[in-house]
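Readers should treat all values here as calculations from the given coordinates under stated rules, not as data from a laboratory. Note that the structure is predicted; figures quoted are calculated from it, not measured. Glycine also receives a Cβ, built like all others from the backbone with ideal geometry; neighbour counts cover every protein chain displayed.
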Amino acid sequence: MRPWRGLTRGVPKSVPLLAAAALVLGAATVPAEARTATAGHCARLDRVVVPGAALAQRTCLPDLTTTGLAGTPYTDAADQAGLSAAGTVRPSGVPGVQVDGYFPDSSGFNTTHGWNHDAQFVLRLPDRWNGGLIVTGAPGTRKQYSLDVLISDWAVAQGYAFAATDKGNNGPDFWTDGSRPGDAIAEWNRRTTQLTVAAKAAVAGRYGHAPRRTYMTGISNGGYLTRWQLENRPALYDGGVDWEGTLWTADGPNLLTSLPVTVARAQGRATDADLLAAGFAPGSEFLWPYHQQAYWGITQKTYRALFDPAYDPACPGASAGTTVPEILAPCASDADYDYAARPAAVHRAVARVALTGRIGKPMITLHGTLDSLLPIAADSDVYDRMVDGAGRGRLHRYYRVAGGNHVDGLYDTYPDRLRPVLPCYREALGALTAWVEHGRTPPGDRTVPRPVEGDVVNSCALG
């Protein structure tokens, strides 16, 4: 039996939404602009059912893009901060249905909508549907609306149905969710599978048939989800695009092998040469002060607390601080963290969520060469070799984006040294669908050069 089938076992196909508040038709839910839209705008709304959801609020909207949703409860600009360059062109004018809700869960980090409930999701179902579904999970410790600019806007404008999950836990204390080391990340994978199954059913209700194609994609932790899903649940998808996915392997490399040296550097106990030896890219040094302040310390201590809580009980992840600087600061003990020397139980915890490279459907990976959180030499370069070593190279294309950083927002600070990865990502999505649907083989693995002219923010040629 396929292991994801149990996620919807016992849920009748005709299951109603579980609360009266799940569907409120009228002026409160259908804006005046929507009621005067083209005929059929709200057609089959009552048939949009999300199997297994504890709450699913269905709303007809005149525009599903962030251009139209800005300032409404149907997106969250704050959770998108820093992910895109300021000059990113955004589409608009995509009417359709949005479903906001959550699956049963015991944790409540996500305060969106005042629900204080995790496993929240968003579905967007454009009126003009192209027959496809794109599924993603939040990057970092963000929530379900975080990828609205990077992925959802493009997806719905192209006619795709779109589904995103908060992964079942979020925020700096996400690591406390669960009872065993590694449980929080294991839930990410389970929630993504759960949403994919449910989204396919919701799509079928809205349009009268299941999606003809389903694609998995994501950035950072969402890229990890893409890798894991195509390795472990390939039957659910037709392909995927992995944007700088986080690499977890039981014996390394992983975040716990690359980040301790950054903490040692902050204490004056390691040099720039030590960071370069750990895989950080030559030429990325100008980005290190920002990453030391905003990323390195909290990331190391949080994931160390998740997989290895016994290492320093006096400094339990982000809970060790109350102010923002304290939360972001590293634990002093993490400068000496030696993953290779930690007990076998720690490695087993990582093994529970580790990647293998055994993808079962076509996948394109992109990674910026100047990524200073997930250094490319210790992440996607390694994963590409893992895919080849697993005999799946024919299913994989790998593009190293010269001048790309972990988040595109820093391009606005360093336009002379960085380039946004987003336009290359969108090109990769197009290349993937042409590969899957029309048999057009994408360009071979390569480094995509940083352009010296033109609209760097909105254009990219993969080759």
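With 0.36 nm allotted per residue and the present C-alpha distance subtracted, the T356-A390 stretch has 11.5 nm of extension available.
Using only the Cα atoms of the range 255-351, build the gyration tensor, take square roots of its eigenvalues as a ≥ b ≥ c, and label the shape rounded, prolate or oblate: rounded if a/c is under 1.5, else prolate if a/b is larger than b/c, else oblate.
oblate
With θ taken as phi - 60° and the Karplus curve 6.51 cos²θ - 1.76 cosθ + 1.60 applied, the whole-hertz 3J(HN,Hα) list for the range 317-326 is x, 5, 5, 6, x, 10, 8, 4, x, 5 Hz, x standing for glycine and proline. For the peptides 323-332, 169-178, the ranking by packing is 169-178, 323-332, with the highest mean count of neighbouring Cβ atoms within 10 Å listed first. Note on the chain: Kirkwood radius taken over Cα pairs, Stokes-Einstein applied at 20 °C and 1.002 mPa s, translational D equal to 96 µm² s⁻¹. From the P(r) of the range 346-460, can you give the percent of Cα pairs sitting at distances over 18 Å? Within the range 346-460, distances greater than 18 Å cover 55 percent of Cα pairs. Summing Lys and Arg as +1 and Asp and Glu as -1 over all other residues whose Cβ lies under 13 Å from the Cβ of R342 gives a net charge of -4.
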